[in-house]
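Only one structure is covered here, and it is reproduced in the block below.
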Amino acid sequence: MSRRHTAAWVGFLGLALVACGGCAYLKDRGNDALDIFDVGVTFSAKPHIGLYAGFQSILAVGYADLDGKMLGIGESQVGWLDMRYRAAGALLDGYQQYAYGGNYEKENPNSPVRRGVGLGLLHDELPDSLVQALNCPKFLHILFLGVNLNCKLGELIDFLLGWTTLDIAGDDGRPRSKPAPPPAPRP
């Protein structure tokens, strides 16, 4: 066989492999890209004041308590989303409790799970993984309107490693919208 025939066969086999498994692979990369940021404009029916910033589950400062709506991207969902954002921090101690879309129970004030930040890790829930711990939430809401930005560095690492087929977040191939788990009973 000539080099052209060999190259043609290798190209054909490569395209066949991509056609067979490429859709799921690229869908997972797209989902991983959606995981990197929670970003949007927040709205509330009643006036609220919220100002909060966190850093890698180590530091937190500010306070926010809002049940409202967000237009943007939240937990891999895009659009007009219901949201709950509760967080507080005094530098080395704090908590975060936020979810978007169908990832929490609206009627349950303890949903989603309240996660600790800094020393708050001693008395609130721990993040499920290092990937979830590596996030930098920023939230500002004044009266009826605000902005939300959460840069998830762990998810960025998962996205980059995902191109090599490593899935450190363990989320490839799983459905993205999930019902909120029931909160753990608090003592």
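For the chain, lysine pairs with C-alpha atoms less than 15 angstrom apart, excluding pairs fewer than eight positions apart on the same chain, total 4. Okay, which of the stretch 84-102 sit inside 20 Å, backbone N to the point 7 Å along the Cα-Cβ direction of residue 119? Counting only backbone N, you get 87-97. Using the alpha-carbon atoms, what tilt in degrees (0 to 90, nearest 10) does helix 3-35 show relative to the longest principal axis of the chain? That works out to roughly 10 degrees.
For a Förster distance of 45 Å, can you work out the FRET efficiency between the beta-carbons of residue 2 and residue 55, rounded to the nearest 0.05? Efficiency computed from Cβ-Cβ geometry: 0.15. Site pair residue 23 and residue 92 shows an inter-label distance of 5.4 nm when each label is modelled 7 Å from Cα along Cα→Cβ.
Contact order, relative form, for the chain: 24 percent (alpha carbon pairs under 8 Å, 6 or more residues apart, mean separation divided by residue count).
None of the figures in this text is laboratory data; all of them are computed from the coordinates on show. All values derive from a computational prediction rather than experimental measurement. Positions of Cβ are generated from backbone atoms using ideal geometry, with glycine treated the same way; all protein chains shown enter the neighbour counts.
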